[in-house]
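The values are calculated or read from the model by the stated rules, or taken from the named source; none is laboratory data. Given the structure is predicted, the values throughout are model-derived calculations rather than measurements. Methodologically, a virtual Cβ is constructed for each residue, glycine included, from the backbone with ideal geometry; neighbour enumeration extends over all protein chains shown. The protein model used for the area step is the full one, side chains on, heavy atoms only, and it has no ligands, DNA or RNA in it. Shrake-Rupley method; radii C 1.70, N 1.55, O 1.52, S 1.80 Å.
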Amino acid sequence: MLEIKASETVKEGSIFGQITTMDHEQLVICHDQATGLKALIGIHNTTLGPALGGTRMWPYATESEAITDVLRLSRGMTFKNALAGLNLGGGKAVIIGDPRLKNEAFLRRFGRFVQSLGGRYVTAEDVNMKTSDMEYIAMETRHVTGLPEIKGGAGDPSPVTAYGVYVGMKAAAKKAFGSDSLAGKRIGVQGVGQVGKYLIHHLIKEGAEVLITDIFEDKVKQVALETGAVSIEPSMIYDLEMDIYAPCALGATINDETIDRLKCAVISGGANNQLQDESKHGQMLLDKGIIYAPDFLINAGGVINVGAEYLGGYNRDIVMQQTEKIYDTCLITLEKSETEKIPAQQAAIATAKERIEAIGKVKLPF
Ligand code: NAD
């Protein structure tokens, strides 16, 4: 009889091909005819604990786009949670569709799928999902966090995320300029949403010269008025003479085209998946001498906050202290990147993997 090895059935680009390459534990496909729910839950690694990561709702053009997104995002959560010192694994969910489709039944049906995983995956908010959506999900599952404060939750995680990005930026400045002071530094912030807005407040308070941009003109004008930052056209951000570029909008803004144009010493922002191609563009930044503060390292404040809510006994002061440690972790990572001559993203992933491996061994004996 012809023998087929498991590895031979895994084709490049196929679902098993992707989860083998990225080393996922599980990909869950959720469907409900009645509500029209189509969701994917990616569980990357649960060595450290339940896989925590938010749910994103997006009108993906194709199924494969949604699969790639959930796999990349859940893998990123494994490294983010590990590096932040959390006892949580990495997971993420995506719901395919127009966010306006959400309603009580739709979200509760999704909550039941989360519940069916028995705590292997814990959800929270991400793009197009709000704390109020978590309330409906919480009607069907205990494994949800990021609830509104009036419901006993920790509320919007964005201010904590922004604080982590701010201290991470200071560490990157120390590496690049020899001092972590941002006073007088010219910083371009791309995206004045939840994270960007709080970050701008910290930067202005420290005396930085802040240039801000957003695709929504009224939004950027409002933040400029509130903070004293200067608004610029969205297309100008990549050609600006600046000390620090802070991507706080969507991912993949660091790519073949923009790296050539960027004239900054540091890149340090809150957006997820900033490098379009993790290895290629990480190396290009290293070659160009740009200090890059890995996104998943410095934007971990939000997950530190929702993680604390999920694990119980939430204390804001402890959460802020834990978030402040991002400064040291970032500096150590940038030192490692320099000493080992490897991109900072790669250095951060290596440290996260070391922790997962070491703690995994601790758990072996009963
Ligand atoms: P948000 O939707 O509130 O803000 C994003 C802003 O970027 C919006 O104002 C949007 O108009 C703007 N934008 C989109 N495309 C743009 C472009 N091309 N140029 C300029 N502006 C553009 O989202 P957020 O919660 O502030 O999150 C921002 C980023 O940080 C996202 O990548 C998110 O995944 C990541 N992040 C957020 C948190 C959190 O706690 N909110 C935690 C970790 C990571």
K280-N255 pseudo-label distance in nm [points 7 Å out on the Cα-to-Cβ vector]: 1.0 nm
Using alpha carbon coordinates only, what is the Rg to Rh ratio of the stretch 230-356, with Rh defined as the Kirkwood radius? 1.00
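Restricting things to alpha carbons, find the Rg to Rh ratio for the stretch 33-138 using the Kirkwood radius for Rh. Please report the intermediate quantities before stating the final value.
Details: Rg = 13.1 Å, Rh = 13.6 Å.
Computed over Cα atoms, the ratio is 0.96.
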Descending principal axes extents, the stretch 283-366, alpha-carbon based, whole Å: 45, 34, 16
So for R0 = 35 Å, FRET eff. of S181-K363 from the Cβ-Cβ r, to 0.05, ends up at 0.25
Stretched fully, the stretch from L311 through S116 gains (0.36 nm per residue minus C-alpha distance, one decimal, in nm) 68.3 nm
Taking only the Cα atoms of the stretch 198-261, how large is their convex hull per residue, in Å³? 87 Å³
Under a cut-off of 18 Å between alpha-carbon atoms, report the lysines in cross-link reach of K170, not counting same-chain residues fewer than 8 places apart. K185, K197, K205, K325, K336
Per residue accessible area of the stretch 222-277, 1.4 Å probe, in Å²: 42 Å²
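Among rounded, prolate and oblate, which fits the stretch 151-288 when a ≥ b ≥ c are the square roots of the eigenvalues of its C-alpha gyration tensor, a/c under 1.5 means rounded, and a/b larger than b/c means prolate?
On the way: a/c = 1.33, a/b = 1.30, b/c = 1.02.
Judged from the Cα gyration tensor, the stretch 151-288 comes out rounded (a/c under 1.5).
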Short version: what are the Cα gyration tensor semi-axes of the chain, square root of 5 times each eigenvalue, largest first, in whole Å? 32, 25, 21
Checking G164, G313, G111 against a Gaussian network model of the chain (alpha-carbon springs below 10 Å), the top fluctuating residue turns out to be G313
List the GluC sites (Glu not before Pro) in the stretch 5-114 that DSSP assigns to loop (not H, G, I, E or B) and whose Cβ has at most 15 other Cβ atoms within 10 Å. Which are they? E12
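Can you show me the helix-derived [θ] at 222 nm for the chain, built from DSSP H runs with n ≥ 4 at -39,500 (n - 2.57) apiece and divided by the number of residues, rounded to the nearest 500.
Details: 14 runs with 168 residues, N = 366.
Only helices count here, giving -14000 deg cm²/dmol.
Leaving out ligands, DNA and RNA, what percent of the accessible area of the stretch 182-263 is carbon and sulfur, probe 1.4 Å? Kindly include the intermediate steps, with their values, before the conclusion.
Numbers: 2070 of 3830 Å².
C and S atoms contribute 54 percent here.
What number, in percent, do you get for the relative contact order of the stretch 55-123 if the mean sequence gap of Cα pairs under 8 Å and at least 6 apart is divided by its residue count?
Details: 66 pairs, mean separation 25.3, N = 69.
Answer for the stretch 55-123 is 37 percent.
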Based on Cβ point charges of +1 for Lys and Arg and -1 for Asp and Glu, what charge dipole magnitude is obtained for the stretch 199-287 about its Cα centre, in debye rounded to the nearest 20? 220 debye
In whole angstrom, the spacing between the Cα centers of the stretch 267-288 and the stretch 121-186 equals 21 Å
Could you bin all the Cα-Cα distances of the stretch 54-113 into 10 Å bins starting at 0 and give me the percent of pairs in each, rounded to whole numbers? 21, 42, 30, 7
Got a number for carbon plus sulfur as a percent of the stretch 42-121's accessible area, 1.4 Å probe? 49 percent
Ignoring ligands, DNA and RNA, what accessible area per residue does the stretch 1-119 give at 1.4 Å, in Å²? 49 Å²
Is the stretch 93-225 rounded, prolate or oblate when judged by the Cα gyration tensor, a ≥ b ≥ c being the square roots of its eigenvalues, rounded requiring a/c under 1.5 and prolate requiring a/b larger than b/c? prolate
